[in-house]
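The values are calculated or read from the model by the stated rules, or taken from the named source; none is laboratory data. What you see is a predicted model; the values in this text were computed from it and never measured. Here the Cβ is made from the backbone with ideal geometry for all residues, glycine too, and neighbour counts use every protein chain on show.
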Amino acid sequence: EITKGINGLEKVILREIHGSSVEVYLYGAHVTSWKNDQGEELLFVSSKAIFKPPKPIRGGIPICFPQFSNLGPLEAHGFSRNRVWTIDLDPPAFPPNVNVTNRVYVDLLLKPTEEDLKIWPHSFEYRLRVTLGPAGDLMLTSRIRNTDGKPFTFTFAYHTYFSVSDISEVRVEGLETLDYLDNLKNRERYTEQGDAITFESEIDKIYLSTPTKIAILDHEKKRTFVVRKDGLPDAVVWNPWDKKAKAMADFGDDEYKHMLCVEAAAIEKPITLKPGEEWKGRQELSAVPSSYCSGQ
Ligand code: BG6
């Protein structure tokens, strides 16, 4: 279903037969809502989010491409999150080994304009498939093809804002003992100590060579988000906390308590594509009652 969202921006709504749903804005190919079969919102979007180009939408799942953060000459997090994508009305089918029962999906496409080529002189074709599975799982698959005559290199992140009830009750499992670059300390390299990650102040870390599965446990909500990823070795964990929250015009002063970004990413080792080559990066999100995954 294609409809008009905030400020008349177009969005696609996918509904799964058991009641879960996803909303994707063509502006940024930006997922702004993911609801389970109870109608509960699982992603955080700021009440102050500005749905107006060229400002990226604060919350949901912005896509950072072709540059994560300010790690290069482009604007922060690249430009794909503030371009208007198109819908492929005749998308390719899933491979035959995929069970397509009760799957709903949409393919969004981005190709650089003449103006974009002045900013980043590389021609590419980016296909983002957003799929909602029968258990309400949200899958994002990016395929980026080099349609240029020369190689190019990029970094990437699915900048996912999870909705949590109280950040001080949240734990992240799967990143303990890993190396990370601390964005708050000039990206110096450290090693995470001890147990699961918990939160009591600002955090902005790029965990390196992370496992394919990361869990976010929301104790108060009794809900666990599971992030599964493929082709995306790194994971960014970000919460601005009170001071940075106040400094952001499109973020409420207290909203940091109710969100956590865990971002499947490829940052430390940028991806290089030769002419004609394609890269694939996949993130799969599920949300399950905590009691179901104890001991995992
Ligand atoms: C995170 C970065 O991924 O995104 C942070 O690690 C940054 O450094 C944050 O502040 C938000 O970025 P932006 O451009 O959406 O305000």
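Structure notes:
- Some residue of the range 56-79 being without any contact (Cβ under 8 Å) to a residue 12 or more places away in the chain and away from the ligand (no atom under 12 Å from the Cβ): yes
- Selected residue (only one of ILE197, ILE216 is among the hydrophobic types (A, V, I, L, M, F, W, C), more than 17 Å from the chain's Cα centre (by Cα) and buried (at least 19 other Cβ atoms within 10 Å of the Cβ)): ILE197
- Within the range 261-274, the set of residues being away from the ligand (no atom under 14 Å from the Cβ), touching a residue at least 60 places away in the same chain (Cβ under 8 Å) and either buried (at least 16 other Cβ atoms within 10 Å of the Cβ) or assigned to a strand (DSSP E or B) (or both) comprises PRO270, ILE271, THR272, LEU273.
- Selection within the range 90-144 - free of Cβ contacts under 8 Å to residues at least 12 places away in the same chain and within 20 Å of VAL31 (Cβ to Cβ): PHE94
- Considering LYS221, LYS185, the condition of being modelled with pLDDT under 95 and either within 24 Å of PRO62 (Cβ to Cβ) or within 16 Å of the ligand (Cβ to nearest atom) (or both) is satisfied by LYS221 alone.
- In the range 237-260, the residues that are under 21 Å from LYS55 (Cβ atoms) form Cβ pairs under 6 Å with partners that are β-branched (Val, Ile, Thr) and surrounded by fewer than 16 Cβ atoms within 10 Å (Cβ to Cβ), at six or more places apart or across chains, as follows: ASP250/ILE50.
- Residues satisfying the stated conditions in the range 33-73, i.e. of a type in the set (A, V, I, L, M), at pLDDT 95 or above and not in a strand (DSSP E or B): LEU42, ALA49, ILE50, ILE57
- Among the conditions (1) over 19 Å from the mean Cα position of the chain (by Cα); (2) among the acidic types (Asp, Glu); (3) within 16 Å of the ligand (Cβ to nearest atom), ASP250 misses just one, which is (1).
- Yes/no for VAL24 being in contact with a His (Cβ under 9 Å, 6 or more places away or on another chain), assigned to a strand (DSSP E or B), more than 12 Å from the ligand (Cβ to nearest atom) and modelled with pLDDT of 95 or more: yes
- Matching residues in the range 145-178 - criterion: being exposed (fewer than 15 other Cβ atoms within 10 Å of the Cβ) and in a strand (DSSP E or B): THR153
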